[in-house]
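Everything below concerns the one structure shown next.
The values are calculated or read from the model by the stated rules, or taken from the named source; none is laboratory data. Not measured: the values here are computed from a predicted model. In this analysis, Cβ positions are derived from the backbone assuming ideal geometry, glycine residues included, and neighbour counts consider all displayed protein chains. Heads up: the accessible areas ignore ligands, DNA and RNA and are worked out on the full protein's heavy atoms, side chains in. Shrake-Rupley method; radii C 1.70, N 1.55, O 1.52, S 1.80 Å.
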Amino acid sequence: MIKACTKLCLGGRMIHGLVEKLGFQSNLFLQIGLVHLYVVSGEFDNARQLFDKMPDRDVVTWNIMIKDLIKRGNVDELYGLFTTMPERSVRSWTAMIMGFVQNGKPKEAIDIFNEMEEESVCPNEVTVVAVLAACADLCALDLGKRIHDFSDRSGFKQNVRVCNTLLDMHIKCGCVESACNVFENMEHRTVVSWSVMIQGLAVNGKGEEALTLYSKMIDSQIRPNAVTFIGLLHACSHMGMVQEGHKYFISMSKDYNIVSQIEHYGCMVDLLSRAGLLNEAREFINTMHIKPNGVVWGALLGGCRVYKNVELAEEAIKHLLELDPLNNGYYIVLSNIYAEAKRWEDVSRVRKLMREKGVKKTPGSSSISIHGVVHEFVAGDESHPQTEAIKERWEKLLEQMRVRGYVPNTSVIVLDIEENEKVKFVLRHSEKLAVVFGLINTRNGTPIRIVKNLRVCEDCHVALKMISEIVDREIV
Ligand code: ZN
């Protein structure tokens with residue numbers, strides 16, 4: 001009966017009652033069945049209650065509970081359950097790592113992996129895929145490289161999923177060459193492998209190589225998918241190749257029967273806006289068969305900012321604020337556009353609006369991974385144990401930057417404060433702190449890789465370029 005109910009997801013209360021009434025409640029086989037039934041019927045609390053009362057819990061029941069918690073994204077309860085597990089197989093460890101990655105907690109995933117290694121449990125191919133995904137999210141190249149070596153030694157290179165995740169990890173860490181190496185040495189390449197490479201080349205400033213790789217892909221008789229075209233459109237966008245972009249956009253539906261998704265529209269509007277074809281971009285939005293999202297309007301806004309089109313910018317902002325009314329980024333861009341057009345009354349109107357609506361800044365944070373440990377910084381952070389050393393090094397660096405003509409660009413700060421306060425703010429942005437921390441803690445000449453949750457501001461962009469030159473380091 002329990003099996004039948006499980007197949008039909010009928011809920012467990014009634015049959016559970018029957019089991020108790022008949023006095024079968026201590027039968028382990030029935031208990032396992034009931035836990036499973038509760039889980040598939042979505043009665044989580046009942047499942048957990050019964051599970052906690054079970055005197056003997058086998059691996060199958062543990063896995064049912066763990067899988068269910070991952071599915072529901074309940075990471076805290078999952079971890080609690082995991083720590084009480086009497087026997088942990090490589091599968092349970094892997095399920096935990098995967099669970100954290102899927103729920104946007106890559107740092108926790110890596111912690112679990114380190115714990116797993118301490119207990120001398122040997123990772124399998126699925127573990128490797130999960131850990132590499134976490135490394136990609138965190139730009140944790142040192143651990144990523146170690147896993148790469150381990151996969152080579154363990155013969156995991158045959159596994160195309162392992163290879164694809166390796167490609168992705170190297171690309172997200174900005175190591176295009178290493179990714180190319182992995183790609184060249186792959187025995188079998190799927191459309192995912194090709195698409196990851198095309199996209200990776202495109203976003204790392206190698207648009208031409210991306211398009212060449214696409215021709216090779218077609219020559220190898222691999223059919224492109226929707227993701228492949230996102231990469232191609234990115235490549236065209238970054239190189240300002242408007243005509244080619246159009247060509248690919250049309251080819252996608254005409255030659256391959258792929259329905260254009262919101263991402264493709266976003267790329268096209270970006271392509272036109274970057275090229276300064278703002279009216280064309282606006283018209284293109286009108287032709288869309290789906291509702292434009294924040295990425296689409298944001299792309300138009302970006303173009304308006306560069307080409308100083310106040311009118312279209314206002315229209316884009318209107319839509320953006322409808323979609324996401326409390327995002328401070330849009331207000332900043334709008335007030336900058338007004339400021340550049342010397343429309344000061346509008347600037348103060350925007351500021352007033354921000355105050356009225358209670359717009360709060362999403363705190364920016366930057367992280368850097370050193371010797372497998374992830375260090376995270378927020379703007380103005382003084383909580384790190386090395387804060388004093390960071391300050392000292394930063395002051396020295398700042399002197400050298402000023403000699404080269406660096407002047408902090410405070411237009412990125414819209415707070416209504418004195419100019420010298422603004423300078424203080426902008427000089428303590430999280431990516432600057434993370435870079436200085438990286439300089440102190442890595443050997444001369446090694447690249448510094450930072451992950452930021454928001455877009456890097458213009459001042460940090462200029463500052464980091466200059467720092468890269470002064471200290472002769474690559475900054476990704
Ligand atoms: Zn900044």
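Answer yes or no as to whether Glu421 is within 16 Å of the ligand (Cβ to nearest atom), open to solvent by 20 Å² or more (accessible area, probe 1.4 Å), more than 28 Å from the chain's Cα centre (by Cα) and not assigned by TED's automatic domain parsing to the domain that holds Ala339. It is true that Glu421 is within 16 Å of the ligand (Cβ to nearest atom), open to solvent by 20 Å² or more (accessible area, probe 1.4 Å), more than 28 Å from the chain's Cα centre (by Cα) and not assigned by TED's automatic domain parsing to the domain that holds Ala339.
Among the residues of the range 28-82, write down those that are open to solvent by 70 Å² or more (accessible area, probe 1.4 Å) and more than 28 Å from the chain's Cα centre (by Cα). Spell out the reasoning first.
Step one: filter the range 28-82 for residues open to solvent by 70 Å² or more (accessible area, probe 1.4 Å), giving 29, 36, 45, 49, 52-53, 55-57, 59-60, 67, 71-72, 76, 79.
Within the range 28-82, Phe29, His36, Asp45, Gln49, Asp52, Lys53, Pro55, Asp56, Arg57, Val59, Val60 meet the criteria.
Regarding His234, is this residue in a helix (DSSP H, G or I) and open to solvent by 10 Å² or more (accessible area, probe 1.4 Å)? So His234 fits the description; yes.
Select, from Asn257, Asn204, the only residue that is under 23 Å from Pro447 (Cβ atoms) and open to solvent by 40 Å² or more (accessible area, probe 1.4 Å). Walk me through how you get there before you give the answer.
Details: Asn257 fails: under 23 Å from Pro447 (Cβ atoms).
The unique qualifying residue is Asn204.
Hey, does the range 374-387 have a residue that's part of a helix (DSSP H, G or I) and under 17 Å from Val435 (Cβ atoms)? Within the range 374-387, one or more residues are part of a helix (DSSP H, G or I) and under 17 Å from Val435 (Cβ atoms). I want to confirm something. Restricting to the range 201-227 and keeping residues that are under 17 Å from Ala179 (Cα atoms) and among the β-branched types (Val, Ile, Thr), which single residue is modelled with the lowest pLDDT? Per the criteria, the residue is Val203. With respect to (1) within 16 Å of the ligand (Cβ to nearest atom); (2) surrounded by 20 or more Cβ atoms within 10 Å (Cβ to Cβ), the lone exception for Arg449 is condition (1). Checking each residue in the range 160-182 for being of a type outside the set (Val, Ile, Thr), open to solvent by 10 Å² or more (accessible area, probe 1.4 Å) and assigned to a helix (DSSP H, G or I) picks out Arg161, Asn164, Asp168, Lys172, Glu177, Ser178, Cys180, Asn181.
For the range 207-231, which positions are among the small types (Gly, Ala, Ser) and either crowded, with 21+ Cβ neighbours inside 10 Å or closer than 24 Å to Ile262 by Cβ (or both)? Before the answer, list the steps.
Here is the first cut: in the range 207-231, the residues among the small types (Gly, Ala, Ser) are 207, 210, 215, 220, 226, 231.
Scanning the range 207-231 gives Gly207, Ala210, Ala226, Gly231.
Scanning the range 45-83 for residues that are closer than 20 Å to Pro106 by Cβ, of a type in the set (A, V, I, L, M) and touching a residue at least 24 places away in the same chain (Cβ under 8 Å) yields a total of 4.
May I ask you to verify whether Ser383 is away from the ligand (no atom under 11 Å from the Cβ), touching a strand residue (DSSP E or B) at 6+ places or on another chain (Cβ under 9 Å), open to solvent by less than 40 Å² (accessible area, probe 1.4 Å) and without any contact (Cβ under 8 Å) to a residue 24 or more places away in the chain? Against the criterion (away from the ligand (no atom under 11 Å from the Cβ), touching a strand residue (DSSP E or B) at 6+ places or on another chain (Cβ under 9 Å), open to solvent by less than 40 Å² (accessible area, probe 1.4 Å) and without any contact (Cβ under 8 Å) to a residue 24 or more places away in the chain), Ser383 does not qualify.
Of the listed requirements (1) in contact with an Asp or Glu (Cβ under 6 Å, 6 or more places away or on another chain); (2) open to solvent by 30 Å² or more (accessible area, probe 1.4 Å), Lys145 misses just one: (1).
Candidates Lys247, Lys291: the one that is of a type in the set (D, E, K, R), open to solvent by 60 Å² or more (accessible area, probe 1.4 Å) and not assigned by TED's automatic domain parsing to the domain that holds Ala313 is Lys247.
Mind counting the residues in the range 1-27 that are touching a Cys at 6+ places or on another chain (Cβ under 9 Å) and open to solvent by 30 Å² or more (accessible area, probe 1.4 Å)? Here the count works out to 1.
Residue-wise test of (1) loosely packed, with under 15 Cβ neighbours inside 10 Å; (2) in a helix (DSSP H, G or I); (3) more than 11 Å from the ligand (Cβ to nearest atom); (4) of a type in the set (Val, Ile, Thr).
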{"residue": "Phe425", "(1), (2), (3), (4)": "no, yes, no, no"}
{"residue": "Lys432", "(1), (2), (3), (4)": "no, yes, no, no"}
{"residue": "Gly438", "(1), (2), (3), (4)": "no, yes, yes, no"}
{"residue": "Asn444", "(1), (2), (3), (4)": "yes, no, yes, no"}
{"residue": "Val456", "(1), (2), (3), (4)": "no, no, no, yes"}
{"residue": "Asp459", "(1), (2), (3), (4)": "no, yes, no, no"}
{"residue": "Val462", "(1), (2), (3), (4)": "no, yes, no, yes"}
{"residue": "Met466", "(1), (2), (3), (4)": "no, yes, yes, no"}
{"residue": "Glu469", "(1), (2), (3), (4)": "yes, yes, yes, no"}
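Just checking, does the range 147-157 include any residue being under 16 Å from the mean Cα position of the chain (by Cα), in a helix (DSSP H, G or I) and aliphatic (A, V, I, L, M)? No, the conditions are met nowhere in the range 147-157.
Close contacts from the range 454-475, counting a first residue that is closer than 14 Å to Thr442 by Cβ and a second that is within 13 Å of the ligand (Cβ to nearest atom) and open to solvent by less than 100 Å² (accessible area, probe 1.4 Å), with Cβ to Cβ under 6 Å and a gap of 6+ residues or different chains, come to Ile475/Leu464. Considering the range 332-367, the residues that are buried (at least 18 other Cβ atoms within 10 Å of the Cβ) and either among the acidic types (Asp, Glu) or assigned to a loop (DSSP other than H, G, I, E, B) (or both) include one that is farthest from the ligand (Cβ to nearest atom), namely Val359. Listed by position, the helices (runs of 4 or more DSSP H) contained in the range 250-316 that have at least 3 residues being closer than 19 Å to Gly329 by Cβ are 262-274, 294-307.
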